[in-house]
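Novice: Here it is, the structure in full.
The values are calculated or read from the model by the stated rules, or taken from the named source; none is laboratory data. Everything numeric here is computed off the predicted structure, so don't read it as measured data. All Cβ positions, glycine included, derive from the backbone under ideal geometry; neighbour counts span all protein chains shown. For the accessible areas, the whole protein counts, side chains as well, though only heavy atoms, and no ligand, DNA or RNA atoms are used. Shrake-Rupley method; radii C 1.70, N 1.55, O 1.52, S 1.80 Å.
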Amino acid sequence: MAARLTLALAVAAVSAKPQTADAPDPLWLRYEPVPNASLYSTIRSVAVRADAATCQEDKVALQGIADELSTALSGLLGRDVPTACCCAGDVAEDDGALTVAVDAAALEDGGASTVAVDAGAKFAREGYAVERARVEAATASGAWYGAFKLLSYVQRRLPLPERDASAPAMGSVLWP
């Protein structure tokens with residue numbers, strides 16, 4: 001029995017297709033076109049905006065958010081969705097842009113709760129809010145979570161939410 005299993009594994013390993021370093025992993029995210037792409041026709045581009053401090057500290061992460069959203073939406077919507085990134089002064093205002101706004105001033109001091117997108121909203125370190133075609137967060141990591149939450153709506157073929165905020169972060173639990 002063990003010899004048959006070993007033989008079967010050896011045959012599977014030899015017949016498996018070799019992966020190269022630049023080949024996409026077939027288990028990674030797939031952005032196949034959604035049938036109701038017209039539901040998202042208002043999204044014509046992606047704009048990532050950040051305050052000066054965040055832009056200086058997290059420029060690579062912000063560019064990654066812009067690139068991932070552009071790649072994902074281009075695949076899901078079946079059309080090119082260009083991107084603009086990253087500092088507020090570098091990104092022109094565009095009514096058709098899916099906007100990701102990162103503002104460190106919105107970081108809540110010490111608390112873990114979040115609130116929906118409103119003037120003066122406060123967020124936990126990795127908190128975010130999604131409202132229609134806009135993601136708001138206080139940190140780049142919160143913006144990543146919000147961007148993937150928004151993509152989950154498109155992938156599930158749901159309309160963009162009127163308001164969806166992240167759940168509060170869990171506090172530490174010390175067991176006796």
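Novice: Within region 35-56, track down each residue that is surrounded by 14 or more Cβ atoms within 10 Å (Cβ to Cβ), of a type outside the set (Phe, Trp, Tyr) and either in contact with a Leu (Cβ under 8 Å, 6 or more places away or on another chain) or without any contact (Cβ under 8 Å) to a residue 12 or more places away in the chain (or both). Before the answer, list the steps.
Specialist: Let us first name the residues in region 35-56 that are surrounded by 14 or more Cβ atoms within 10 Å (Cβ to Cβ), namely 37, 39-40, 43-51, 54-55.
Narrowing the set further to residues that are of a type outside the set (Phe, Trp, Tyr) leaves 37, 39, 43-51, 54-55.
Residues satisfying the conditions are ALA37, ILE43, SER45, VAL46, ALA47, VAL48, ALA50, THR54, CYS55.
Novice: To continue, here is another question. Could you check region 119-168 and list, in sequence order, the residues that are among the basic types (Lys, Arg) and outside any strand (DSSP E or B)?
Specialist: LYS122, ARG125, ARG132, LYS149, ARG156, ARG157, ARG163
Novice: Confirm whether ARG30 is open to solvent by 70 Å² or more (accessible area, probe 1.4 Å) and either of a type in the set (Lys, Arg) or within 13 Å of THR99 (Cα to Cα) (or both).
Specialist: In short, yes.
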